[in-house]
Structure formats: C-alpha cells, structure tokens
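Structure record follows, encoded as structure tokens.
The values are calculated or read from the model by the stated rules, or taken from the named source; none is laboratory data. Everything quoted here is computed from the prediction, not taken from an experiment. Cβ: placed from backbone, ideal geometry, glycine included. Neighbour counts: every protein chain shown. These area figures cover heavy atoms from the full protein model, side chains too; ligands, DNA and RNA do not enter into them. Shrake-Rupley method; radii C 1.70, N 1.55, O 1.52, S 1.80 Å.
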Amino acid sequence: MDERKYNMAEEVKVFSTWASPFALRVIWALKLKGVEFDTVHEDLINKSPLLLQYNPIHKKVPVLVHDGKVICESLVILEYIDETWKQNPLLPEDPHQKANARFWAKFGDDKVMQSIGGGVLLKEGKEQEEGFAASMEHLKYLEDEIRGKKFFGGETIGLADIALGWLAHYLDIVEEIVGLRLIDQEKFPSLAAWKQEFANAPIIRENWPDRDKLVTKYVAMREANLGKGTPK
Amino acid sequence: MADEVTLLDFWASPFGIRVRIALAEKGVKYEYSEQNLKNKSALLLQMNPVYKKIPTLIHNGRSVCESLIIVQYVDDAWKANAPFLPSDPHQRAQTRFWADFIDKKVFEITKKIWTAKGEELEGAKKDFIECLKLLEGELGEKPYFGGENLGYVDVAFVPFYCWFYAYETCGKFSIEAECPKIIAWAKRCMKKESVSRSLEDPKKVYEFVLELRKRLGVD
C-alpha cells in the first residue's frame with residue numbers, strides 16, 4: 001500500500017522588486033539561514049492587489065508571507081526571520097549587543113541612506129555639498145564602529161551588516177553617477193575593508209541586482225528629481 | 001552587584017516618557033537626570049555621541065540610545081516580569097510594525113499640528129485622525145494594544161497622550177470627538193501607576209509648546 005507523504009514544507013513568499021535594497025535584506029537573511037522561499041516580483045507602478053491587501057498601510061515591498069502570516073517593514077521582517085529560523089543567528093543573545101546591532105541598523109536607514117540617497121544622489125550644487133558633508137559625518141561613525149571587526153556582527157554577518165549591506169553595491173553606483181567618492185579607502189579604511197568582505201561573502205555576492213540596470217534607474221531618478229526643481 | 005541605571009531625559013519628551021514607563025513597569029530603580037538641551041552635558045555627549053539626544057539610558061556604564069531600542073533593551077535586560085512583547089514571533093512582528101508606524105508616520109504629523117497653519121495644518125489634522133483610526137482598528141476590543149496588559153505599542157504611544165491637549169488647542173479640534181476609543185484606551189492606561197507617574201501635566205506641556213512656537217517664529 002502506498003504511504004501518503006504529506007508535504008510538511010513551509011510556504012515562504014517574499015514580495016520584492018529587482019532593485020529594492022530593502023527586499024534584498026530579506027532575501028539575504030532567508031538564504032543565509034537556508035530557508036526555501038518563492039519570490040513574487042512586483043512592479044511598483046502597477047502594484048498587485050495581493051501586495052495592497054498584505055501591506056495596506058505602506059503599500060511597499062518587501063512583504064514576507066510565512067504560512068499565511070504577513071510581515072511588513074524590512075527590519076521587522078529580519079527580526080521575525082531570526083526568531084523563527086534559529087540557525088545562523090543574526091542577533092547576539094546579550095541585550096546590550098542586541099541593542100547595539102539595532103542601533104546601527106536604524107542609523108543606516110534614518111541617517112546614512114537619507115544623506116547619500118536624498119542628499120548626494122538626488123541633489124546638486126550647495127544641497128549636494130551639504131548632503132556629502134553629512135554623509136562623511138555618518139560614515140565616520142560607521143568607521144569607528146566597524147574598526148577591529150570583520151563584520152558589524154563580529155565574526156559573522158549580523159543584522160547591522162544586512163541593514164547596511166546596500167553600501168557594498170548601491171553606493172558604488174551612486175559614486176559613479178555623481179562623480180564623488182564617499183567610502184574613500186584612505187579616509188575610511190575599516191569601512192572600505194568591510195565593504196569588500198561583505199560584497200564578496202557567500203550568498204551576498206550571488207544576489208546583487210544587475211549593476212547596469214541600477215545605473216540606468218538611478219540616473220533617471222536623479223534627473224527626475226533635479227528636473228522637478230527647475231523653475232518654470 | 002547592584003545595577004546602576006541612569007536615564008538622561010527631558011521632562012516633556014514623549015520619547016523619554018516611553019523609557020520612564022518601561023522602567024517603572026519592570027520595577028527598576030534608576031536615577032533620573034534632567035538634561036538641558038540648549039547646553040548639552042558632557043555626559044550626554046559622551047553617552048550618545050551619534051545623535052546627542054535624549055532619552056539615553058546608562059546601565060552599568062554602558063549606554064543605550066533611541067527610545068524604542070531602549071524599551072526593547074529594558075524588556076531584554078529585566079526579563080523576570082511584565083514582558084512588553086508577546087512570545088510568538090508573528091505577534092512580536094505585528095507589535096514592532098505598529099511601534100514603527102507610530103515613529104514613522106504619527107510623530108511627524110503631530111509636529112505639523114503645533115507648527116503649521118492654514119491648509120498645512122488642516123492636512124496634518126486629517127492625517128493624524130486617520131492614523132488614530134488605524135490604531136483604533138489595531139486595538140479592536142482589547143483593553144490594551146498588548147492585550148490584557150500594557151505592551152510595547154502601549155508604551156510607544158501613550159506618552160503622546162499628554163501632548164493631546166496641546167495638539168487640540170493649537171489645532172482647534174477635539175481628538176475625543178473623532179477617536180473616542182483612543183481616548184478611552186489612554187485613560188485606561190493612565191489608571192496604571194507606571195503611566196500616570198511618567199506622563200507630564202498636559203497644561204505644562206501646552207505652555208512648553210507655546211514657548212517652542214515662539215522660538216520657531218510660528219506665532
């Protein structure tokens with residue numbers, strides 16, 4: 001008699017876009033933990049009804065759906081992943097070290113991304129200079145934090161590395177487009193070393209989005225933003 | 001070894017109040033240190049060099065910064081009682097989502113209510129009420145966002161209650177008229193000592209907001 005095998009596999013879906021550095025965090029985390037998942041590719045100009053149903057408040061990617069449970073916001077998703085699949089932990093046990101990791105992840109989103117994305121990529125002239133100066137300040141804090149460590153998480157990739165990981169690929173593209181170097185090897189040697197280490201780490205290196213496509217996209221974003229500022 | 005806990009704070013800050021509630025809920029004895037934000041202390045600059053802001057918690061010489069990160073830290077470091085977060089990962093994610101929503105959306109809007117005028121003010125009021133209605137939806141029929149007891153989202157949001165009078169007076173509207181469930185929830189929270197002792201007098205907060213408006217050239 002045939003034995004029926006019930007499929008006990010979990011259903012894990014990630015709603016993402018090819019370019020999103022936020023969705024990439026989720027993909028990295030799942031792959032680092034060896035979790036199988038399906039990707040649902042979204043077009044942000046034409047969002048699927050399912051995405052709008054799952055994330056009615058922000059209407060953004062990434063969204064994680066795990067056996068019907070919906071989680072939104074990339075940093076919230078990362079903590080969910082870490083608590084659900086305990087292999088290769090992203091956060092340390094010690095409360096203070098945990099708080100520290102969360103702090104740097106948040107700093108990356110609140111400050112670093114704002115000054116580099118909003119200030120340097122999308123602006124020009126004096127505004128860009130201000131964005132650049134602010135970015136230098138922010139990068140110096142990261143330099144001080146990473147000094148003496150292989151990753152922000154210590155010997156292995158942690159939450160802060162994943163949250164800041166966009167610096168190891170997307171930043172190169174920003175630098176190329178605006179013609180400015182932000183993570184200068186001489187100014188920020190430890191951060192430059194981390195960038196290399198992270199960019200080439202297994203799994204991370206296999207999942208970067210297409211560079212040329214990103215250049216095209218970011219150039220368009222920059223031009224659109226600068227065009228908007230032109231007086232009529 | 002006794003725990004040494006110091007909270008660098010500013011009386012009117014809803015972010016600081018979050019931490020006061022969290023420490024009170026856990027029964028942690030601490031030194032409250034009122035900070036002069038116009039002339040920041042060497043200790044604040046040393047303990048929070050990146051943001052130079054309050055609240056900053058110092059626990060046995062090590063600092064923790066950013067109010068929600070501090071609240072989670074307090075929950076982790078003093079595990080024995082009053083957990084703020086549920087144990088189930090999905091429920092924890094929901095809780096974190098709503099606290100993040102409060103910081104990302106609600107706070108920015110409230111600032112506009114006491115600084116903006118005309119159309120911008122009307123827009124901010126509308127957005128604020130919409131956010132409160134979403135929060136009412138999340139609360140549902142529960143006494144607290146945390147269920148039967150105060151939880152992370154309650155701690156994250158209830159400090160703003162002592163600023164409601166300032167919002168209503170500056171914005172010339174009634175929050176209770178639009179969102180009675182939120183007011184009922186806030187009053188329920190205020191019955192808890194950890195909350196009533198941590199929130200400031202709304203009239204004092206309003207005086208402070210008037211001073212800020214003068215300083216910012218709003219009035």
Residue in region A:184-191 that is in a helix (DSSP H, G or I) and either over 28 Å from A:S16 (Cβ atoms) or in contact with a Ser or Thr (Cβ under 6 Å, 6 or more places away or on another chain) (or both) present: yes
Identity of the residue in region B:93-109, farther than 14 Å from B:V155 by Cβ and at the interface with chain A (Cβ under 10 Å from one of its Cβ atoms), that ends up most open to solvent (accessible area, probe 1.4 Å): B:K104
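This table checks each residue for (1) under 18 Å from the mean Cα position of the chain (by Cα); (2) closer than 16 Å to A:G131 by Cα; (3) acidic (D, E); (4) modelled with pLDDT of 95 or more.
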{"position": "A:S190", "(1), (2), (3), (4)": "no, no, no, yes"}
{"position": "A:F198", "(1), (2), (3), (4)": "yes, no, no, yes"}
{"position": "A:P202", "(1), (2), (3), (4)": "yes, no, no, no"}
{"position": "A:R211", "(1), (2), (3), (4)": "yes, no, no, yes"}
{"position": "A:A220", "(1), (2), (3), (4)": "no, no, no, yes"}
Subset of region A:100-132 [among the polar types (S, T, N, Q) and within 14 Å of chain B (Cβ to nearest Cβ)]: A:N100, A:Q114, A:S115
Among residues of region B:8-45, those that are closer than 26 Å to A:K140 by Cβ and within 14 Å of chain A (Cβ to nearest Cβ), counted: 2
Selection count, region B:67-91, where residues are free of Cβ contacts under 8 Å to residues at least 60 places away in the same chain, crowded, with 24+ Cβ neighbours inside 10 Å and either out of contact with any Ser or Thr (no Cβ under 9 Å at 6 or more places or on another chain) or outside any helix (DSSP H, G or I) (or both): 2
Complete set of residues in region A:137-154 that are open to solvent by less than 20 Å² (accessible area, probe 1.4 Å) and either free of Cβ contacts under 8 Å to residues at least 24 places away in the same chain or farther than 18 Å from A:K98 by Cα (or both): A:L139, A:E143
Selection within region B:52-66 - within 17 Å of A:W104 (Cα to Cα), in a strand (DSSP E or B) and open to solvent by less than 20 Å² (accessible area, probe 1.4 Å): B:T56, B:L57, B:V64, B:C65
Residue match in region B:94-102 (condition: out of contact with any helix residue (DSSP H, G or I) (no Cβ under 7 Å at 6 or more places or on another chain), in a helix (DSSP H, G or I) and among the hydrophobic types (A, V, I, L, M, F, W, C)): yes
Residues of region B:110-156 classified as within 17 Å of B:Y167 (Cβ to Cβ), assigned to a loop (DSSP other than H, G, I, E, B) and open to solvent by less than 30 Å² (accessible area, probe 1.4 Å), total: 1
A:E42 vs. criteria closer than 21 Å to B:H90 by Cβ and in contact (Cβ under 8 Å) with a residue 12 or more places away in the chain: no
Test for B:I102: is it assigned by the TED database to the domain that holds B:E31 and at pLDDT 95 or above: no
So A:D161, is it open to solvent by 30 Å² or more (accessible area, probe 1.4 Å) and either under 22 Å from A:L75 (Cβ atoms) or out of contact with any helix residue (DSSP H, G or I) (no Cβ under 6 Å at 6 or more places or on another chain) (or both): no
